[in-house]
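First comes the structure, then the notes that go with it.
Read-outs throughout are calculated quantities, based only on the coordinates presented, and are distinct from any laboratory measurement. What you see is a predicted model; the values in this text were computed from it and never measured. Cβ: placed from backbone, ideal geometry, glycine included. Neighbour counts: every protein chain shown.
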Amino acid sequence: MKNSMNKDAILIIEDDPEIQEMLCLAFAGEGWKLLQAKTGEEGISLLEKHGADCVILDIMLPGMDGFRALKRIRAETRWKGVPVILATAKGEEPDIVTGLELGADDYVVKPYSPRVLIARIRAALRRIEETGDSPAEKKLWQAGSLKIDALRHEASWESKALDLSATEFAMLLHFVSHPDIVFSRNQIIAAVHGPDYPVTDRSVDVQILALRKKLKRAGEMIETIRGVGYRFRKA
């Protein structure tokens, strides 16, 4: 949700005042509207009142921690397209996997470079603004009972809306718009996030698994090609 000046709103949910100040200084030249919260509860309240175009979320928060706040955000249909980037000191694989399974679109591990975080936010905002994924900029896609409207950022199965995160939607759109082509994990991430994006194979597998679960029977159309990657088969 953008304000009347058409600025992207970035919600920072972080309890460390020094990190809050650092990010505000780093973001000063980006022209973004910044919303700041010190707790998960406060962040949810700001999101309800003002909306946001991207959320930067710490995990280790007082009261409602980041994982619980992420669950709350992903439980609301109105926020399903809002990218959530976890920015946390909890950089172990189990924590990262948990965050991705709960619907995070991205993660950065502390201590991180503000410039890297800015690049991640720009990429997330760019994915939301993009309306096509083919040379012809096609907007509507259908594979059996699976339908995707890239312009409205909506997907449905048998006329029932699918609750996908921004990254999950981008992955699905990439697969559906390139049927029967086998993509490596690196190629999938490059298509969704851009080239040279740091991510582990395990993270990609977790996101694909989460996408398959949300697609239910349609998830069978995303096939695993052992030793290579994944491909999308039309029903």
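Distance from the Cα centroid of the range 177-193 to that of the range 216-235 is 12 Å (rounded to whole angstrom). Exposed loop positions in the chain were taken to be GluC sites (Glu not before Pro) whose DSSP state is not H, G, I, E or B and which have at most 14 other beta-carbon atoms within 10 angstrom. Between these positions, the longest stretch is 159-235. Rounded to the nearest 5, the antiparallel percentage of DSSP beta bridges internal to the chain is 50%. Listed by chain and number, the lysines whose alpha-carbon sits under 18 Å from that of K147, ignoring those within fewer than 8 places in the same chain, are K80, K138, K139, K160, K213, K214, K216, K234.
When the alpha-carbon atoms of the range 140-232 are used, the pair Rg, Dmax equals 12.5, 37 angstrom.
The modelled label-to-label distance between A26 and E223, using points 7 Å beyond Cα along the C-beta direction, is 4.3 nm. Computed from the alpha carbon atoms alone, the convex hull of the chain holds 126 Å³ per residue.
Label separation (A119 vs K234): 3.7 nm, computed from points 7 Å beyond Cα along the C-beta direction. If you take all C-alpha pairs in the range 9-129, what percent of them are over 23 Å apart? The share of Cα pairs beyond 23 Å in the range 9-129 comes to 19 percent. Here the label points at D15 and Y197, each 7 Å from Cα along the C-beta direction, are separated by 3.0 nm in the simple model. Based on the Cβ-Cβ distance from E48 to K160, what FRET efficiency comes out when R0 is 35 Å, to the nearest 0.05? The value I calculate is 0.85.
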